[in-house]
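Undergrad: I'd like to ask some things about the structure below.
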Amino acid sequence: MNASDPNSIPLEQQTPDSRRRLLLGLTAAGAGLLGVGAAWWRTQTPDAPPPSPPAEGFWTSQFEMPQGGTVSMGALRGRPLLVNFWATWCAPCVEELPLINDFYRQNKANGWQVVGLAVDKLAPVQAFLQKMPLDFPVGMAGLAGAELSRGMGNLVGGLPFSVVLGSDGMVLQRKMGRLVPDDLANWLRLK
């Protein structure tokens, strides 16, 4: 209390209404500060983790493709690569595939490669690709794909899971969950 301020009233002499207004004002100010802090936090780009090697044996892996043939990881080494682990039964996986396909179309001329590794059975993947063809190669990782994704940093084993490997073959970025355009835009700078 400031003795020289005539508007200052000791707490015990304040009415319930004035205390309520003071409490509401403090609550509003706190909520405002919390909102500003949350907005600032969301705009901060976290530091990228240091590059790390992919799962042991990743670059020597080969996967059967649903339409025949194989996709060899070793053949993709030396240029930036986005690896997306997905399944037909995973709604967020299916939702993000058109975005990933667009990313591939727009950036393949700049050296970017994309491979989808289906943690699924052959028949559903073939049926899915008949309805929604993809321009990038899809390999059949099956249940072994879950283990491979864990070796790439997917600690919870969920889908979708995406990994960006740089030209040097090192893991530059990982994301658990559905990709959004900002993820891909940020990853373009990694190479």
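Undergrad: Give the separation of the Cα centroids, the range 161-180 to the range 53-109, in Å.
TA: Cα centroid of the range 161-180 versus Cα centroid of the range 53-109: 11 Å apart.
Undergrad: Taking the mean number of other Cβ atoms within 10 Å as a proxy for protection, how do you rank 141-148, 123-130 from highest to lowest?
TA: Values: 141-148: 17.8, 123-130: 15.2.
For the peptides 141-148, 123-130, the packing ranking is 141-148, 123-130.
Undergrad: If the cut-off is a Cα-Cα distance under 25 Å, which lysines reach LYS175, setting aside same-chain residues fewer than 8 apart in sequence?
TA: Those lysines meeting the cut-off are LYS108, LYS121, LYS191.
Undergrad: Per residue of the range 100-113, what does 6.51 cos²θ - 1.76 cosθ + 1.60 with θ = phi - 60° give for ³J(HN,Hα)? Whole Hz please, x for Gly and Pro, Karplus curve as stated.
TA: Values per residue, Gly and Pro as x: 5, 4, 4, 4, 4, 4, 6, 10, 5, 5, 8, x, 6, 10 Hz.
Undergrad: Considering the dipole of the range 58-188 built from charges on the beta carbon (Lys and Arg +1, Asp and Glu -1) around the Cα centre, which of THR88, PHE128, GLY151 is farthest to its positive end?
TA: The one lying farthest along the dipole's positive direction is GLY151.
Undergrad: May I have the convex hull volume per residue, in Å³, for the Cα set of the range 48-165?
TA: Working: hull volume 12.9 nm³, N = 118.
For the range 48-165, the hull spanned by Cα atoms encloses 110 Å³ per residue.
Undergrad: Tell me the net charge near LEU97. Cut-off is 13 Å between Cβ atoms, LEU97 excluded, with +1 for each Lys or Arg and -1 for each Asp or Glu. Mind dumping the intermediate values first?
TA: Numbers: positive: ARG105, LYS131, ARG178; negative: GLU95, GLU96, ASP102, ASP120, ASP135.
Charge balance in the 13 Å sphere: -2.
Undergrad: Still on this structure: Read phi for every residue in the range 165-172 and hand back ³J(HN,Hα) as whole Hz from Karplus 6.51 cos²θ - 1.76 cosθ + 1.60, θ = phi - 60°, with x for Gly and Pro.
TA: With the stated coefficients, the range 165-172 comes to 10, x, 4, 7, x, 8, 6, 9 Hz.
Undergrad: Here is a follow-up. Which net charge results when you count Lys and Arg as +1 and Asp and Glu as -1 among the other residues whose beta-carbon is under 15 Å from that of LEU148?
TA: -2
Taken together, the values in this text are just the output of simple stated rules run on the coordinates, not laboratory data. Since this is a predicted model, take the numbers as computed values, not measurements. No Cβ is skipped: glycine too gets one built from the backbone with ideal geometry, and neighbour counts run over all protein chains shown.
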